[in-house]
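Data block below; observations after.
The values are calculated or read from the model by the stated rules, or taken from the named source; none is laboratory data. Model, not experiment: these values are computed from the prediction. Using ideal geometry, Cβ is built from the backbone for each residue, glycine included, and neighbour counts are taken over all protein chains shown.
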Amino acid sequence: MSLLGIASFAGAIACYGPSPARRIGEPTPFNRKIRAMLGLVLLLALLVLLRHALVLITVGIAGGVAFRIWRDAAALRKQRREEATIASIVHTISTELRVGADPATALAHAAEQHEHGIAAAFASAARATRSGAQPGAQLYSMRSRYPALAPIARYWMIAEEHGVALAPLLEQSHQQLRARIERARSTNAALQGPKATAIILSLLPLVGMLLGSAMGVHVPAVLLGSALGNLLLLIGICLLCAGAWWSNKIIQGATP
């Protein structure tokens, strides 16, 4: 049915009115049915008007979910790189302290040996130490930008507050970081199977569309050529994105 036909039908229903006697009092069931039919017709007209909008909404949902999954994966990779860099820097600092270097020198040498952005936090702590500030507090102030710094900063502040030897604490922190990194690697290796399964399941609808095309069905014309096809495409993409998002949440929950 064309948009003009739907609009004409909706106008005809809207113009129909009950007798004057029926206009007084509570709405009758007949009037309620008329209103329900009018609402249904207007909904169909809205679907026709939103035919192209449904396609845009579908693309937006798919793009948003894909961007969210990519952003989570990128954040996890960044976290792993930061943890590996911090573990190496902490090991360098503890080694420098064991051979008699002062904290400012140990921080500066450790920062110079690494190019990752987080090394700048240790270089800043070295400058603050030379100015008379506490390096632990300086590192702790950067925890919002580099969350992996928080445990190191706490160890440092404990050593400063209670006079405990810093090198053993930093070495213990280094061992904890290395254990966390190794556990993350083993978990990631164990999750390769579930990740592959999730990817295959996400691609199955595309395989079905290709099979339909091979059988002579013009799938793009069906999905893009009518408002009903657009609606079915939107529902399918929503279900597909929900499955991909849920699989990503499960995998993230199993990742340390």
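A compact table of results
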{"read-out": "Residue within the stretch 157-173 that is within 23 Å of the chain's Cα centre (by Cα), assigned by TED's automatic domain parsing to the domain that holds Glu96 and of a type outside the set (S, T, N, Q) present", "value": "no"}
{"read-out": "Whichever residue in the stretch 131-167 is in contact (Cβ under 8 Å) with a residue 24 or more places away in the chain and not in a loop (DSSP other than H, G, I, E, B) and, among such residues, is farthest from Glu83 (Cα to Cα)", "value": "Glu160"}
{"read-out": "Qualifying position, being within 30 Å of Thr95 (Cα to Cα), assigned to a helix (DSSP H, G or I), hydroxyl-bearing (Ser, Thr, Tyr) and touching a residue at least 24 places away in the same chain (Cβ under 8 Å), among Ser247, Ser173, Ser186, Ser202", "value": "Ser173"}
{"read-out": "Residue count, the stretch 85-103 (criterion: small (Gly, Ala, Ser) and assigned to a helix (DSSP H, G or I))", "value": "3"}
{"read-out": "From the options Glu115, Glu96, residue that is out of contact with any Ser or Thr (no Cβ under 6 Å at 6 or more places or on another chain) and more than 23 Å from Arg185 (Cα to Cα)", "value": "Glu96"}
{"read-out": "Failed criterion for Glu182 (all others in (1) under 23 Å from the mean Cα position of the chain (by Cα); (2) of a type outside the set (A, V, I, L, M); (3) outside the structural domain of Trp70 (by TED's automatic domain parsing) hold)", "value": "(1)"}
{"read-out": "Test: residue in the stretch 211-223 that is out of contact with any Asp or Glu (no Cβ under 7 Å at 6 or more places or on another chain), polar (S, T, N, Q), exposed (fewer than 15 other Cβ atoms within 10 Å of the Cβ) and not in a helix (DSSP H, G or I)", "value": "no"}
